[in-house]
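In what follows, a structure is listed as structure tokens, so that the remarks can point back to it.
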Amino acid sequence: MSARRVGVGVDFGTSNSVAAVFDGDEVTLVTLEDRGTASTGASEHEAEIMPSATYIDRALQTRTGQDAIDRYIDDNTGRKVELVPEVIGKAMLAVGYANAGSRNPGETMTVDVYGDAMTDTGMRGRLFRGTKRLLGKADVRRLMVFDHPFRLVALVTPILLRMREALSAMVGTFDQGCVGHPVNFEGRDEHRNQLALSRLGEAYRYAGIAKPRFYPEPIAAAVSFLHANPDAVGKHVLTVDFGGGTLDFCILERTPDNRFRVVNTHGIGLGGDHIDQRLFRELLFPLLGKGERWRRPGEYGDIDTEFPFDEYEEFLVNWPVTYLLNQNRYTTAVKDCIDHGGPERTKFRRLRELIDQNLGYVVFQAIKEFKARLSHEDEAVLDIPEIDVDVQLSRERFEGMIADMLGRIDQGIEATLARATLPRSAIDIVLRTGGSSLIPAVQRLLDGFFPGRVVDHDPFTSVAAGLAIADYHQLPAGPT
């Protein structure tokens, strides 16, 4: 294959990453993971789908993919978290008296000034997942890794480097290709897309892809479908790409010469990660002490207030920083609630275990697997033995929990059609792709809007395949 001109596609995703090549006839997915260890939830392409994960240990050695996750779990899960104060400065204290009328301040002593207990001395390494979601946020410039400030580019580059090396092993030396991006990156700044693409482009160049050509992910998914189905009948194709971090739409119009033009694209910041956080809040917060009372002795009698669970929430639903709850200002209240006794003691014991044993990642992995089972079963059990949780949930109740999110899909479709000045009836084919599109409620919603016109299309690999095809044919990346 290396003797022929090929198209290269790199899909760096929020949850998973995939690479592909196209030789003019056939798309080939690139092996990124060891088949014996890969575990992405997409068994059909286990070796070709790599988790978008970076792990950095105390020696600043980096691992990526499933290896990064496995090492993080081995090194950190179940380990008791102990935070110590960090030295934030120096102070000079007078410890003797100065002579009257003298400029000599007398005997002094320099001491360290400590901040809050924020340093986890036992942490062996930090795991980064979903870094793509941060690329468009101007206020996130660097993340601290063992007292070393790492730019977001430095956290993304190792993943891209691994993909580039796997591609080079297949096609030989190359320095360009089509690389995917969402229609809109997450973030509130109006320049978030420009910032994210700048950061991503820098990371690709460091990884050895000096000439990346950015290509919208939903268009790439449509390209791979049209290549695989050249006889598909219809003029207008709508792609709904619902992934881990974003929900993207695009409309293509097929031309008489069997080519296409991009009519419109649209994207919103909604993905599977947001659904996982919703499940955590709805199912686990009540089992961890939300809504309970905090009773403790005071100077003039017992004090009885609602437990300040809102102070814990954002730490809990963002597992990389959950360990920061292991500070006295958080743990003292939990201990008081356990010591007071009563039926709520069990809930606060769970919360203490989750914090002490650094179980945030384990909890979210259990939620992801639970959500996947609800796509195939009418009921499923969220079983997390590490914190003694066993919750049964019906698919119907799950869909009720995410009803507002499903409404945003509806709104996104209507906005996309309005911008294209097309009615629903003008859409001939609807492509459903991305891991979150496997949720049955999403399937039903699309079938209700476009009866008989919805097609499932390679939820985990369609974008990478389309990027490779677009690179080979140098297809347009936007409305023409």
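The values are calculated or read from the model by the stated rules, or taken from the named source; none is laboratory data. Because the structure is predicted, anything quoted here is derived from the model rather than measured. Cβ: placed from backbone, ideal geometry, glycine included. Neighbour counts: every protein chain shown. Quick note on the areas: whole protein, heavy atoms, side chains included, nothing else; ligands and nucleic acids left out. Shrake-Rupley method; radii C 1.70, N 1.55, O 1.52, S 1.80 Å.
By how many nm would the segment from Tyr300 to Glu26 lengthen if fully extended, with 0.36 nm per residue of separation less the alpha-carbon distance?
Values: separation 274, 0.36 × 274 = 98.64 nm, distance 7.86 nm.
Value of the extension gain: 90.8 nm.
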| note | Measure of exposure for Asp257: accessible area at 1.4 Å probe, Å² rounded to 10, is 100 Å²
| query | So what's the net charge close to Asp11: Lys and Arg +1, Asp and Glu -1, counting the other residues with Cβ under 14 Å from its Cβ? | reply | -2
| task | Once you have the Cα-Cα distance between Glu414 and Asp34, take 0.36 nm times their residue separation minus that, and quote the gain in nm to one decimal. | result | 132.6 nm
| What aspartates and glutamates could a cross-link reach from Lys211, if we take a straight Cα to Cα line under 14 Å and drop same-chain neighbours fewer than 8 places away? | Asp175, Glu202, Asp471
| said: With a 1.4 Å probe and all protein chains left in place, how much of the accessible area of the chain comes from carbon and sulfur atoms, in whole percent? | reply: 47 percent
| Hey, if we sort Lys211, Lys371 by accessible area with the 1.4 Å probe, largest down, what's the order? | Lys211, Lys371
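If each DSSP helix of 4+ residues adds -39,500 (n - 2.57) and the sum is divided by the residues in the chain, what number results at 222 nm, nearest 500 deg cm²/dmol?
Helix contribution divided over all residues of the chain: -10500 deg cm²/dmol.
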| note | Length gained, Thr346-Asp447, 0.36 nm per residue minus C-alpha separation, equals 32.0 nm
| query | Quick one: net charge of Arg205's neighbours, Cβ under 12 Å, K/R +1, D/E -1? | reply | +1
| query | Among the helices of the chain (complete DSSP H runs), which have Cα atoms covering no less than 27 Å along the helix axis and a Kyte-Doolittle mean of at least 0.0? | reply | 152-171
| said: How large is the accessible surface of Lys235 in square angstrom, using a 1.4 angstrom probe and rounding to the nearest 10? | reply: 110 Å²
| Surface per residue (accessible, 1.4 Å probe) for the chain, Å² | 46 Å²
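For Asn258, what charge total do you get from the other residues with a beta carbon under 13 Å from its beta carbon, if Lys and Arg give +1 and Asp and Glu give -1?
+1
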| request: Could you list, in their original order, any pairs among Lys132/Lys335; Lys335/Lys371; Lys347/Lys371 whose Cα atoms are separated by more than 28 Å? | output: Lys132/Lys335; Lys335/Lys371
| note | Quick shape check on region 138-279: root eigenvalues a ≥ b ≥ c of the Cα gyration tensor, a/c under 1.5 is rounded, otherwise prolate if a/b tops b/c, else oblate, and it reads oblate
| message | Tell me the accessible surface of Ser52 in square angstrom (1.4 angstrom probe, heavy atoms of protein chains only), to the nearest ten. | response | 0 Å²
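Rounded to the nearest 0.05, what FRET efficiency is calculated for Leu195 and Glu313 with R0 set to 41 Å and r the Cβ-Cβ distance?
0.90
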| Where labels lie 7 Å past Cα in the beta-carbon direction, separation of His148 and Ala210 in nm | 2.7 nm
| query | Where does each of 330-341, 424-435 land if you order them by average Cβ count within 10 Å, highest first? | reply | 424-435, 330-341
